[in-house]
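For reference, the structure is listed below as structure tokens.
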Amino acid sequence: MWEQLIIQPMTNLLLFIYDLLGHGPHMFGLAIILFTIVIRLITWPLNASQVKGAQAMQELQNDKDWQEIQKKYAKDKEKLAQEQMRVYKEKGINPFASCLPTLIQFPIIIGLYQSIIRALSAMPLDMLKLSRTIYPFQNVQGIIPLNSKFLWMNLGSPESVQILGYALPTLAVVVALTTYVQSKLTMPASSNPNDQSAQMSGMMSIYMPLMLGWFALNFASGIAVYFITSNALGIIQYAATGRANWSNLLPGGNKKNQITKKK
Amino acid sequence: MNTKRLILISLIALGALALSACSGSATANSWYGLAADADRAYVSAGSLIYAVDLKNGSEVWRYPAKADANIIFFAKPLLTTDGQLLIGSAGKNHEFISLDPVTGKEKWNKAFAKGTWVATPLILNNTVYAPNDDGFLYTLDMAGNQVADPIEVSGALWSAPVTDGTLIYLSSLDHHVNIIDPVKRSVVAAADLGGAIPSSPTVGTDGAYVSSFASAIQFVTPNGEHKPITKVENQIWGSPVLDGTTLYYADLTGKVFSQDVAGGKQNWSVQPNGPVVASLLIAGDQIYVASEADPTSALGTLVALDRDGKTVWSKEVGGKLYTTPVASGDLIIVAPYQATNTLVAYDTQGKQAWTFTPAK
């Protein structure tokens with residue numbers, strides 16, 4: 001099921017783009033970038049609804065009504081939950097609106113990763129699987145084997161650049177940085193010091209770059225190209241809405257925002 | 001650490017685990033390599049190579065003594081006349097290793113290639129010609145020292161070079177068969193066959209027969225000229241086998257063919273079982289077909305055909321059969337993938353002689 005619904009269509013789309021590009025050197029890297037753009041465009045409404053949902057939840061944290069019920073029913077969890085549901089209903093907020101799109105995207109990310117790994121087929125068994133994954137209308141004999149060279153990288157291996165005898169993982173650093181920038185930009189200012197959602201976002205902006213950086217460090221660099229492209233597109237998408245919080249990138253930027261709002 | 005932070009870290013760790021688990025990239029994986037001499041079978045089965053006594057299927061030695069995540073073997077080992085077992089690793093450090101086939105002790109171990117070792121090397125005039133996934137053909141003396149700069153050949157090299165005694169024929173995944181002059185140490189001609197070539201050419205008279213993903217077999221001459229011998233329905237993964245003037249080969253649909261190369265006529269074609277990835281084995285008066293999976297049971301099956309293509313016997317081995325069987329004396333040995341047994345030996349009548357399952 002997973003194979004037929006996710007892996008095969010994704011791998012074939014990736015290879016179709018690669019074939020359109022002429023399957024020469026560097027073209028598989030370009031195919032991953034174009035493929036990421038296509039996936040981003042398909043999931044654009046999901047991302048937009050995620051951002052919208054997160055914003056609504058964030059704004060709710062600063063709502064007087066909301067803060068009052070938090071104080072009033074601090075010791076009665078059941079009543080607090082009932083009141084919270086009432087406020088959600090009144091304000092037309094779906095509390096799962098921000099996390100549902102993330103859950104839907106997670107299989108896409110895993111599928112994409114598996115597609116890239118399968119397409120690069122490093123061993124005979126992988127290549128046999130790949131040849132059986134390709135749809136009959138595709139140019140199998142022309143596509144296989146894929147040229148895994150992209151710029152200075154072998155997309156099938158973890159990336160590093162040799163500088164003064166040291167192997168520096170440049171792509172892993174760029175992945176971590178762009179993930180950090182994206183998560184900071186999408187983190188709205190909060191005036192509530194007890195805002196749990198803001199606390200969670202703060203933690204995510206530290207752990208996510210570390211996790212994705214670790215992936216870029218240890219796995220095929222093709223996936224790092226995907227992460228960087230996806231992050232860059234995410235930043236552009238968010239900036240296009242005009243709600244990017246650029247001051248968050250500076251140390252203490254969020255606190256400054258809080259003080260300004262309080263005045 | 002508060003509960004929320006703990007939950008968040010756990011979720012991220014779970015995500016990392018999910019991606020790692022389904023990636024399949026952390027360690028290379030493929031079917032096994034298999035070789036045999038008169039006394040032992042040698043199987044490269046991932047993290048270990050086993051030598052197995054042909055008399056009873058018992059383990060003689062294993063290398064390394066303890067599995068090492070950085071050393072992985074899938075290539076078919078090569079036995080040399082001076083008593084070495086040569087094999088390259090598909091692991092992280094790309095070692096090329098010589099073992100004593102009797103004891104399993106390491107004779108030498110060199111790490112010079114940039115890519116993984118999938119191919120079996122060739123020995124010609126006391127020189128080891130070792131093709132690597134990095135696109136280079138390395139030349140070594142019998143002590144493992146590089147005797148010259150590696151010969152650059154385009155594309156990943158997954159199959160063993162073959163020789164007519166003068167020239168070397170080396171196929172590449174980049175669709176080319178390269179003809180190499182070992183004296184000049186250079187590629188003197190190349191032929192584009194229009195599809196990836198995962199298996200070795202088969203030397204014939206004044207050239208070599210080469211199968212490819214272009215679902216065809218072509219005859220390539222020393223100057224790189226090539227002409228089609230046959231066109232089939234699906235990819236041909238294994239090398240064609242030449243016996244006198246008859247060429248035997250099988251494709252991924254599972255069809256087995258016999259063709260007279262002198263007259264150019266196809267003698268017969270049969271479909272004894274499921275898809276065939278391995279090369280055929282000719283031993284005595286029988287043709288052995290390693291079928292990947294029986295269409296009904298989905299189990300790897302070894303089929304013995306007579307020279308007219310009629311099935312003499314058929315045995316379900318288990319797992320999937322991708323590795324080319326080997327013959328030694330009266331035994332036919334197969335190495336099923338993802339099966340209970342790592343090796344299974346049959347006599348020529350199809351009676352199981354022994355099985356080998358490594359002790360943990």
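The values are calculated or read from the model by the stated rules, or taken from the named source; none is laboratory data. Bear in mind the structure is a predicted one, so any value in this text is a computation, not a measurement. Positions of Cβ are backbone-derived with ideal geometry, glycine not excepted, and every protein chain shown enters the neighbour counts.
Summed over segment B:134-157, residues that are in contact (Cβ under 8 Å) with a residue 40 or more places away in the chain and either among the hydroxyl-bearing types (Ser, Thr, Tyr) or within 14 Å of another protein chain (Cβ to nearest Cβ) (or both) total 3. Residues of segment A:102-161 that are out of contact with any helix residue (DSSP H, G or I) (no Cβ under 6 Å at 6 or more places or on another chain), aromatic (Phe, Trp, Tyr) and either buried (at least 16 other Cβ atoms within 10 Å of the Cβ) or closer than 14 Å to residue A:6 by Cα (or both): A:106 alone. Within segment B:216-226, at least one residue is within 14 Å of chain A (Cβ to nearest Cβ) and surrounded by fewer than 23 Cβ atoms within 10 Å (Cβ to Cβ).
Among the residues of segment A:197-232, the one identified as farther than 26 Å from residue A:41 by Cα, more than 11 Å from chain B (Cβ to nearest Cβ) and at pLDDT 80 or above is A:217.
Every residue, every condition in (1) assigned to a loop (DSSP other than H, G, I, E, B); (2) farther than 23 Å from residue B:201 by Cα, yes or no:
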{"residue": "B:290", "(1), (2)": "no, no"}
{"residue": "B:295", "(1), (2)": "yes, yes"}
{"residue": "B:304", "(1), (2)": "no, yes"}
{"residue": "B:314", "(1), (2)": "no, yes"}
{"residue": "B:322", "(1), (2)": "yes, no"}
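The test for being under 16 Å from residue B:45 (Cα atoms), outside any strand (DSSP E or B) and more than 14 Å from chain A (Cβ to nearest Cβ) holds for residue B:104. Condition check for residue A:194 on (1) modelled with pLDDT of 85 or more; (2) within 14 Å of another protein chain (Cβ to nearest Cβ): one failure, at (1).
Residue A:40 satisfies every condition listed in (1) outside any helix (DSSP H, G or I); (2) under 23 Å from residue A:183 (Cβ atoms) except (1).
Scanning segment B:28-68 for residues that are of a type outside the set (D, E, K, R), outside any strand (DSSP E or B) and more than 26 Å from residue B:198 (Cα to Cα) turns up B:38, B:54, B:56, B:57, B:58, B:64, B:65, B:67.
Of everything in segment A:114-133 that is facing another protein chain (nearest Cβ under 7 Å) and part of a loop (DSSP other than H, G, I, E, B), the residue that is farthest from residue B:276 (Cα to Cα) is A:122. Whether a residue is modelled with pLDDT under 75 and out of contact with any Cys (no Cβ under 6 Å at 6 or more places or on another chain) was assessed, and residue A:249 passes this test.
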